[in-house]
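Novice: Please see the structure below; I have some questions.
The values are calculated or read from the model by the stated rules, or taken from the named source; none is laboratory data. This structure is a prediction, so every number in the text was calculated from the model and none was measured. Cβ atoms come from the backbone with ideal geometry, glycine included; neighbour counts cover every protein chain shown.
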Amino acid sequence: MAEVRLTGVNKHYAGVQALHGISLTIEDGEFAVFVGPSGCGKSTLLRSIAGLEDISGGQIRIGDRDVTQAAPSERDVAMVFQSYALYPHMTVRENMDFGMKVNNFAPADRQRRIAEAARILQLEPYLDRKPAQLSGGQRQRVAIGRAIVKEPKVFLFDEPLSNLDAKLRVQMRVELEALHRDLKATMIYVTHDQVEAMTMADKIVVLNAGRIEQVGAPMDLYHRPASEFVAGFIGAPAMNLLPVTLAGGQALLDGLTLGPAPEGTVKLGIRPEHIALRPAGQGTLPATVTLRETLGGDAYLYVRLNSGVPMVVRAEGDTPLDHGAEAGLDLPPARLHHFAADGRRLTAGGAA
Ligand code: ADP
Ligand code: MG
């Protein structure tokens, strides 16, 4: 096990700068998740840590070693890819054994490690099958098994669950969390799915266009997003962002006062689950329901304010409100986030 420390990591491809000065520490034994939209540099950063990409500048340390120039095989890491990358002509056992065999591990050691990985991943009944005879979830478990037998200091996962159906994804998510608990290893997990990030991470690293937007525990990012980007990315449905004007230290929308706001505020943010729904004629903001999405316990009401600004409000699943209904909205001041023109979050007025 080991901590991973990145200092000023840059990566240029021909004509593209994929990473801009990434500095970050992942603690020993931590489950860190890199999250962000497609193309933001998640895989490039992970592959740089693995040594599969040469970086253009900066330093990478794993444990007490500077591995910036080290070959992948010398970094004590194991990577699991979305595509599984199993050898189709080999059995499960042979797939897990292959890397150890070419590296001349002792046969007894190889057997012990395969047995241990198979036990942890519940692959014992399938050791003599070939990948084609396995389900997608089982194949991904074999790919994880191949990483476990290396007993690496750091596990690197690049969107390992993206090819699985929704139910299996949830199941594998729980299994990976249990695996992390059992192995107590440092794990870095890349995903574009904010739900995976929220549920699995000790630490989330939000990336945007090759830069770190914010690093923090899941609930820190939820309660105190550093920017409009993070506010919109973490939490589903996304935080509502309302354009406001300032007068006398108060934020105004549609001529109505929404509450105190710090100098420089151009947008107010509020999450769908933090809006209080009132009967028509009550509440601060009159709204008209344009669409209702019922999930069971909850319903999401897509509403429109008088000025046409759209919002999403969480309601009880059995709310009678539906398309065309009128309602009032209250926005509790403590739940408001204030954003400046450059997207940074302003911290004053009780929302810090
Ligand atoms: P993500 O994994 O977040 O979707 P990537 O790390 O794959 O993003 O890519 C980050 C950026 O680097 C993108 O603009 C992508 O087009 C570019 N990129 C990735 N790999 C290469 C490559 N081998 N050559 C040139 N550009 C690349
Ligand atoms: Mg990627």
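Novice: So is Asp220 farther than 19 Å from Ile22 by Cα, acidic (Asp, Glu) and at pLDDT 90 or above or not?
Specialist: When the stated conditions are applied, Asp220 passes them.
Novice: Condition check: closer than 16 Å to Ala2 by Cα, away from ligand 2 (no atom under 16 Å from the Cβ) and touching a strand residue (DSSP E or B) at 6+ places or on another chain (Cβ under 9 Å). Does Asp76 satisfy that?
Specialist: Yes.
Novice: Of the residues that make up segment 178-196, is at least one more than 14 Å from ligand 1 (Cβ to nearest atom), under 30 Å from Asn240 (Cβ atoms) and surrounded by fewer than 18 Cβ atoms within 10 Å (Cβ to Cβ)?
Specialist: Scanning segment 178-196 turns up at least one residue that is more than 14 Å from ligand 1 (Cβ to nearest atom), under 30 Å from Asn240 (Cβ atoms) and surrounded by fewer than 18 Cβ atoms within 10 Å (Cβ to Cβ).
Novice: Anything in segment 197-213 that is away from ligand 1 (no atom under 16 Å from the Cβ) and polar (S, T, N, Q)? List them, or say none.
Specialist: Thr199
Every residue, every condition in (1) closer than 15 Å to Arg211 by Cα; (2) at pLDDT 95 or above; (3) within 15 Å of ligand 1 (Cβ to nearest atom); (4) not in a strand (DSSP E or B), yes or no:
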site: Arg5; (1), (2), (3), (4): no, yes, no, no
site: Lys11; (1), (2), (3), (4): yes, yes, yes, no
site: Ala18; (1), (2), (3), (4): yes, yes, yes, no
site: Ile22; (1), (2), (3), (4): yes, yes, yes, no
site: Gly29; (1), (2), (3), (4): no, yes, no, yes
site: Ser43; (1), (2), (3), (4): yes, yes, yes, yes
site: Ser48; (1), (2), (3), (4): yes, yes, yes, yes
site: Leu52; (1), (2), (3), (4): no, yes, yes, yes
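Novice: Residues of segment 54-65 being away from ligand 1 (no atom under 16 Å from the Cβ) and of a type outside the set (D, E, K, R), which ones?
Specialist: The answer is Gln59, Ile62, Gly63.
Novice: Moving on to the next point. Looking at (1) within 20 Å of Tyr84 (Cα to Cα); (2) at pLDDT below 95, which one does Val154 not meet, given that it meets all the others?
Specialist: Single failed check for Val154: (2).
Novice: Being of a type in the set (D, E, K, R), at pLDDT 90 or above, more than 16 Å from ligand 2 (Cβ to nearest atom) and more than 18 Å from Ala118 (Cα to Cα), is that true of even one residue in segment 133-150?
Specialist: no
Novice: While we're on this one: Tell me which of these Ala236 doesn't satisfy, since it passes every other one: (1) crowded, with 17+ Cβ neighbours inside 10 Å; (2) in contact with a helix residue (DSSP H, G or I) (Cβ under 8 Å, 6 or more places away or on another chain); (3) over 20 Å from Gly41 (Cβ atoms).
Specialist: Of (1) crowded, with 17+ Cβ neighbours inside 10 Å; (2) in contact with a helix residue (DSSP H, G or I) (Cβ under 8 Å, 6 or more places away or on another chain); (3) over 20 Å from Gly41 (Cβ atoms), only one is false for Ala236: (1).
Novice: Which residues, counting only those in segment 9-32, are away from ligand 2 (no atom under 15 Å from the Cβ), out of contact with any strand residue (DSSP E or B) (no Cβ under 7 Å at 6 or more places or on another chain) and aromatic (Phe, Trp, Tyr)?
Specialist: None - no residue of segment 9-32 is away from ligand 2 (no atom under 15 Å from the Cβ), out of contact with any strand residue (DSSP E or B) (no Cβ under 7 Å at 6 or more places or on another chain) and aromatic (Phe, Trp, Tyr), so the list stays empty.
Novice: Take the residues in segment 49-70 that are more than 16 Å from ligand 2 (Cβ to nearest atom) and of a type in the set (A, V, I, L, M, F, W, C), then tell me which one is farthest from Ile234 (Cα to Cα).
Specialist: Taking the candidates together, the pick is Ala70.
Novice: Right, next: Name the single residue that is farthest from ligand 2 (Cβ to nearest atom) among those in segment 33-48 being among the aliphatic types (A, V, I, L, M) and crowded, with 23+ Cβ neighbours inside 10 Å.
Specialist: Val33
Novice: Regarding segment 91-110, can at least one residue be identified that is surrounded by 20 or more Cβ atoms within 10 Å (Cβ to Cβ) and within 16 Å of ligand 2 (Cβ to nearest atom)?
Specialist: The answer is no; no qualifying residue exists.
Novice: Pull out all pairs, ordered by first then second residue, where Cβ-Cβ is under 7 Å, the residues are six or more apart or on different chains, the first lies in segment 121-139 and is within 15 Å of Val149 (Cβ to Cβ), and the second is assigned to a helix (DSSP H, G or I) and of a type in the set (Lys, Arg).
Specialist: Sorted first by the residue in segment 121-139, then by its partner, the pairs are Leu121/Arg141; Leu123/Arg141; Leu127/Arg93.
Novice: Which residue out of Thr91, Thr68 is touching a residue at least 12 places away in the same chain (Cβ under 8 Å) and within 28 Å of the chain's Cα centre (by Cα)?
Specialist: Within the list Thr91, Thr68, the selection yields Thr68.
Novice: A further question follows. Show me the strands (runs of 3 or more DSSP E) found entirely inside segment 174-234 where at least 1 residues are free of Cβ contacts under 8 Å to residues at least 24 places away in the same chain.
Specialist: Those strands (runs of 3 or more DSSP E) span 211-216.
Novice: Return yes or no: is Arg314 assigned to a strand (DSSP E or B), over 25 Å from Leu252 (Cα atoms) and charged (D, E, K, R)?
Specialist: no
Novice: Sticking with this structure for a sec: Take the residues of segment 198-217 that are surrounded by fewer than 19 Cβ atoms within 10 Å (Cβ to Cβ) and touching an Asp or Glu at 6+ places or on another chain (Cβ under 9 Å): which is nearest to Ser48 (Cα to Cα)?
Specialist: The residue in question is Asp202.
Novice: Mind checking which residues of segment 312-328 are in contact with a Pro (Cβ under 8 Å, 6 or more places away or on another chain) and either hydrophobic (A, V, I, L, M, F, W, C) or surrounded by 14 or more Cβ atoms within 10 Å (Cβ to Cβ) (or both)?
Specialist: Hits for segment 312-328 are Val312, Val313, Arg314, Ala327, Gly328.
Novice: Could we say that Thr68 is away from ligand 1 (no atom under 16 Å from the Cβ) and either at pLDDT 95 or above or not β-branched (Val, Ile, Thr) (or both) here?
Specialist: Considered against the rule, which asks whether it is away from ligand 1 (no atom under 16 Å from the Cβ) and either at pLDDT 95 or above or not β-branched (Val, Ile, Thr) (or both), Thr68 comes out as yes.
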